[in-house]
Structures are given as C-alpha cells and as structure tokens.
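So the structure is just underneath, and the comments pick up after that.
Laboratory data are not the source of any read-out in this text; all were calculated from the coordinates shown. If you're wondering where the values come from, they're calculated on a predicted model, not measured in any experiment. Note that each Cβ is placed from the backbone with ideal geometry, even for glycine, and that neighbours are counted across all protein chains shown.
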Amino acid sequence: MQNNNPQEIAARVREMREVLELNPVDIASRLGITAELYGKYESGEVSIPISKLYLLADIFKVDFTVLMTGEQPRMLDYTLVRDGQGIKVDRYPGYSFQSLAFNYIGRTMEPLIVLLDPDSAVAPLVTHEGQEFNLVLEGTVRVTVGTHEFFLNKGDSCYFNPTIPHGQHAIGGPAKFLTIIERG
C-alpha cells in the first residue's frame, strides 16, 4: 500500500504552483480561503482537505492522483486495486482514506475507503462539488449533512449533496465506510 502523508502532498502542491508560476494569493482566492491558510497548506502545517485537493487539481489542470502520488494515472479501460493496496492518505488524526481508482485515467468518480477513529476530535464540516455516497462497512458512523444528523450502521448508506456542509465521525469504536464522490 502506498502511503502519502500530508507533508508529501503539501510539497507537491507547492511545487506544482511554483512550476506553473501561479500566485499563492490568487490560488487562495480561487479556493475560497485566506492567503494565510493557503500558506499553512503549502507548508504542511495544516492538512489540505480532500475537497480543496480536488479544486487544486482542477486549478493546476492535473489529475487528483498527481497531487496524491506525484504520478499520472496509467489505466484507460479498467483498473484493479487489491485489498489494502489503495493509496493511503492520513488526512488528520483519526481520519485516513485509501483511494481505490487512483490509476484510472479521466475518472469522474472518486471511490475511497475511509477509516475513522472515534477518539479523534470531530473534524470541521466540509463542502465540495458533485454528489456523494457513503456505505458503512464496519462500525457506526454519525453523518452530518447541514442541520441533519444520521447514525449509520454496517450496511446502511446515505446519498447527499456535498455542497451542503457535511462530515462523518465514528461512534463507539473504529468505523470504516466506502464513499464515492462524483465530481461536479
């Protein structure tokens, strides 16, 4: 399994911006954040949320996989990812994911296995374009979508509009879920 920590991703983002000769203040504006926060993303002081990584990939006109691994996807007709072999990324304490389609060229969906630790702090709610589907594989996950809160157990699923602030948190023990994000 490949492991890409937030420091490696931050370095690739910084390098990509510098190679393209883009102004960090302009990038921050396009991301809808302050220049100070963007600077913390590039320094690795603050982990870049996945929703912002998708936007950065669009701004840089590269595949999301390039930011995650430094390599281009290689498969056009299909791609296989064996159990445990997805690109693993630790987002912040208690939240990590494995990308399951990282090697597929031109994908419009991003399937991820997400691992949640119940002892971690509740992450801030996020937003992104497209649509999102969550299916709990293990444990119990509290899903927040705007003012609504759902408790999903193994086999339960939720499909929602991710432009509404949302987030997930493990309840009572570790949890694992499949999320499929369709990019807008």
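Relative contact order (percent) for segment 108-182, with alpha-carbon contacts under 8 angstrom and 6 or more residues of separation? Please list the in-between numbers first.
On the way: 187 pairs, mean separation 37.2, N = 75.
Relative contact order for segment 108-182 comes out at 50 percent.
Tell me, in nm to one decimal, what length is gained between Asp77 and Glu15 on full extension, where the rule is 0.36 nm per residue of separation less the Cα-Cα distance?
Numbers: separation 62, 0.36 × 62 = 22.32 nm, distance 3.03 nm.
Full-extension gain reported as 19.3 nm.
Over what distance in Å are the Cα centres of segment 63-110 and segment 1-61 separated?
Taking the Cα centre of each part, segment 63-110 and segment 1-61 sit 17 Å apart.
For Met16, Met75, what's the fewest-to-most ordering of other Cβ within 10 Å of each Cβ? Show your work: numbers first, answer last.
Values: Met16 20, Met75 13.
Going from sparsest to densest Cβ surroundings: Met75, Met16.
Normalised by the number of residues in the chain, what is the relative contact order in percent for Cα pairs under 8 Å and 6+ residues apart?
19 percent
Using helices alone, what [θ] at 222 nm do you get for the chain, with -39,500 (n - 2.57) per DSSP H run of 4 or more residues, divided over all residues and rounded to the nearest 500?
On the way: 5 runs with 48 residues, N = 184.
Result for the chain: -7500 deg cm²/dmol, rounded to the nearest 500.
Using DSSP to call loops (not H, G, I, E or B), can you name the GluC sites (Glu not before Pro) in segment 42-82 whose Cβ has at most 13 other Cβ atoms within 10 angstrom?
Working: sites: Glu42, Glu45, Glu71; in loops: Glu45, Glu71.
The qualifying sites are Glu45, Glu71.
If you restrict to DSSP beta bridges whose two residues both lie in the chain, what percentage is antiparallel, to the nearest 5?
Numbers: 42 of 45 bridges.
Bridges in the chain that DSSP calls antiparallel: roughly 95 percent.
What number comes out for the charge environment of Gly39, summing +1 per Lys or Arg and -1 per Asp or Glu over other residues with Cβ under 14 Å away? Don't jump to the answer; show the numbers that get you there.
On the way: positive: Arg14, Arg17, Lys40, Lys52; negative: Glu18, Asp26, Glu36, Glu42, Glu45.
Neighbourhood net charge equals -1.
What is the local net charge at Ile180, summed over the other residues whose Cβ is closer than 12 Å to its Cβ (Lys, Arg +1; Asp, Glu -1)?
Values: positive: Arg107, Arg183; negative: Glu110, Glu132, Glu182.
With Lys, Arg at +1 and Asp, Glu at -1, the neighbours total -1.
Cross-link candidates for Lys176: which lysines have Cα within less than 27 Å, leaving aside residues fewer than 8 places away along the same chain?
Lys52, Lys88, Lys154
Is segment 41-174 best put as rounded, prolate or oblate by its Cα gyration tensor, with a ≥ b ≥ c the root eigenvalues, rounded for a/c under 1.5, and otherwise prolate when a/b is larger than b/c, oblate when not? List each step's numbers first, then the result.
Working: a/c = 1.61, a/b = 1.41, b/c = 1.14.
It is prolate, given that a/c is not under 1.5 and a/b is the larger ratio.
What does the charge count near Glu132 come to, summing +1 for each Lys or Arg and -1 for each Asp or Glu among other residues with Cβ under 13 Å from its Cβ?
Details: positive: Arg183; negative: Glu110, Glu129, Glu182.
Neighbour charge sum, excluding Glu132 itself: -2.
Whole-Hz Karplus ³J(HN,Hα) for segment 169-179, in order, using 6.51 cos²θ - 1.76 cosθ + 1.60 and θ = phi - 60°, x for Gly and Pro?
For segment 169-179, the Karplus-derived couplings read 8, 6, 10, x, x, x, 9, 9, 9, 8, 10 Hz, x marking Gly and Pro.
Mind jotting down the distance between the C-alpha centroids of segment 127-158 and segment 160-184, whole Å?
5 Å
Among Tyr78, Tyr104, what is the fewest-to-most ranking by other Cβ atoms within 10 Å? Working shown, then result.
Numbers: Tyr78 8, Tyr104 22.
Ordered from fewest to most neighbouring Cβ atoms within 10 Å, Tyr78, Tyr104 come out as Tyr78, Tyr104.
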